[in-house]
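Enquirer: Structure below; questions to follow.
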């Protein structure tokens, strides 16, 4: 087709108009980006933090453009923000239909517990949300009764061997880089192919005649070696304090201190070798009901893949519940179980810190290879100070999740919002302009991190990662700075909507 002079003139005029509009939009966008960058830098300085101690990345998932870059490519210790890589990988690789399934089976004269690595198995927090067949709230004893009652109903009178098959994972329960002096604390609970009761035991000390009464224990057991050095000196009614130690590699626990009133909040102590601990505990319960158990043991390399009829109900946990405990409640055991589950799934061998870490690194790099700079994955929870992640890596990783995909939505929905979970006391006085924040916080000594999403009702969103690595910066300062920047992002989205 040949254009007349008049038509060609109109066409060029329209082209110039469109070009002018595009240049105007680009200038406006550039101005907005420059504004966000400057505001973020100002927020860091306003809270008395040196720019060199902070990494900030803000990404627009719609364009893939980085809107804020403050040392964004410098890898830092992420603390619990590591859980974003672990849980996001799990959501994608395992999928929304994934279930952990733990069973008790009968084979000959033996009973075998087939572990699946489920971190929720016997989790007292989750049991408190459930009811039994009679409508009563579940607890750890009624949970154990599910299998002891089933064994009685099956007519079992004698068990030659109670075997705990934990081979889904290896037996490196604790990451070697975790702080040795903190391994007794619940957030350092080891991870195993059979976890139970979050791999802790709870003590509720009460005042006694001279020493405290420590017989109130959950779960009740005689299998632990407990030394009680807690006094009950009522001359100082405000001196209730309990200290705990556990000899590494054993369940030899020592309690010391002073108790003048019954402790309502339990003292939680990690147990060594959770599979063996559960085996002994189940044997105790069976024998208390008249079923003799000759031997309790873990599987060996020569054991077959056990098969047989199921005794009692299988204990099944959906991945959604696992992700929520991992991110919403920031429970380290759940993240480590996910890491080893990923390793087992990808490599077809028992899950380990090594193969799980490799699988997570590969998954992150496959989604954002150019931004996964200096990524080092040591564990799944972020307890290790050997982890290294750049804010840009986290922001682009988060941007790769699409709310229209089921598995991706599963991950995004597991993150807490202000007033919930680990964000319960965050953003209380911040004006987010109607935007929603879904984010994961993280803390270690000298580390304060916050990464997540700022989202609007009409589907617009930004991803961000803000990591402070500096022992001289108080966590309260870092938190205020993080919330200040997130508030700025919310206002930025609101202003775009108004424009």
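The values are calculated or read from the model by the stated rules, or taken from the named source; none is laboratory data. If you're wondering where the values come from, they're calculated on a predicted model, not measured in any experiment. FYI the Cβ positions are ideal-geometry reconstructions off the backbone, even for glycines, and counts take in every protein chain you see.
Enquirer: Does residue 79 satisfy the criteria of being in contact with a strand residue (DSSP E or B) (Cβ under 6 Å, 6 or more places away or on another chain) and crowded, with 23+ Cβ neighbours inside 10 Å?
Expert: Taking the combined requirement at face value, the residue satisfies it.
Enquirer: Scan 163, 201, 174 and give me the residue that is buried (at least 20 other Cβ atoms within 10 Å of the Cβ), part of a loop (DSSP other than H, G, I, E, B) and at negative phi.
Expert: Unique residue meeting the criteria: 174.
Enquirer: Then there is this: What are the residues in the stretch 293-312 that are more than 32 Å from the chain's Cα centre (by Cα) and more than 18 Å from residue 273 (Cβ to Cβ), if any?
Expert: Of everything in the stretch 293-312, those that are more than 32 Å from the chain's Cα centre (by Cα) and more than 18 Å from residue 273 (Cβ to Cβ) turn out to be 294, 302, 304, 307, 308, 309.
Enquirer: Now, a different point. Condition first: over 19 Å from residue 199 (Cβ atoms) and either without any contact (Cβ under 8 Å) to a residue 24 or more places away in the chain or in contact with a helix residue (DSSP H, G or I) (Cβ under 8 Å, 6 or more places away or on another chain) (or both). Now tell me which residues in the stretch 298-315 satisfy that.
Expert: Correct list: 300, 301, 302, 304, 305, 311, 312, 313.
Enquirer: Still on this structure, I have one more. Of everything in the stretch 252-278, what is part of a loop (DSSP other than H, G, I, E, B) and at pLDDT below 95? Give them in sequence order.
Expert: Once the filter is applied, which keeps residues that are part of a loop (DSSP other than H, G, I, E, B) and at pLDDT below 95, the stretch 252-278 yields 259, 260, 261, 262, 263, 264, 265, 266.
Enquirer: Among 381, 370, which is the only one that is out of contact with any strand residue (DSSP E or B) (no Cβ under 9 Å at 6 or more places or on another chain) and over 18 Å from residue 83 (Cβ atoms)?
Expert: 370
Enquirer: Can we say residue 106 is modelled with pLDDT of 95 or more and out of contact with any helix residue (DSSP H, G or I) (no Cβ under 7 Å at 6 or more places or on another chain)?
Expert: Working: modelled with pLDDT of 95 or more: yes; out of contact with any helix residue (DSSP H, G or I) (no Cβ under 7 Å at 6 or more places or on another chain): yes.
Spelling it out, residue 106 is indeed modelled with pLDDT of 95 or more and out of contact with any helix residue (DSSP H, G or I) (no Cβ under 7 Å at 6 or more places or on another chain).
Enquirer: Which condition number in (1) part of a loop (DSSP other than H, G, I, E, B); (2) not assigned by TED's automatic domain parsing to the domain that holds residue 413 is the one that residue 329 fails?
Expert: That leaves (2) as the condition not met.
Enquirer: Quick one: in the stretch 95-125, which of the residues that are outside any loop (DSSP other than H, G, I, E, B) and surrounded by fewer than 16 Cβ atoms within 10 Å (Cβ to Cβ) is nearest to the chain's Cα centre (by Cα)?
Expert: 125
Enquirer: Regarding the stretch 475-495, can at least one residue be identified that is assigned to a loop (DSSP other than H, G, I, E, B), in contact (Cβ under 8 Å) with a residue 24 or more places away in the chain and assigned by TED's automatic domain parsing to the domain that holds residue 402?
Expert: no
Enquirer: Moving on to the next point. Would you mind stating whether residue 133 is in a loop (DSSP other than H, G, I, E, B) and modelled with pLDDT under 95?
Expert: So residue 133 fits the description; yes.
Enquirer: Against the definition (in contact with a strand residue (DSSP E or B) (Cβ under 6 Å, 6 or more places away or on another chain) and either surrounded by 23 or more Cβ atoms within 10 Å (Cβ to Cβ) or free of Cβ contacts under 8 Å to residues at least 24 places away in the same chain (or both)), how does residue 419 come out, yes or no?
Expert: No.
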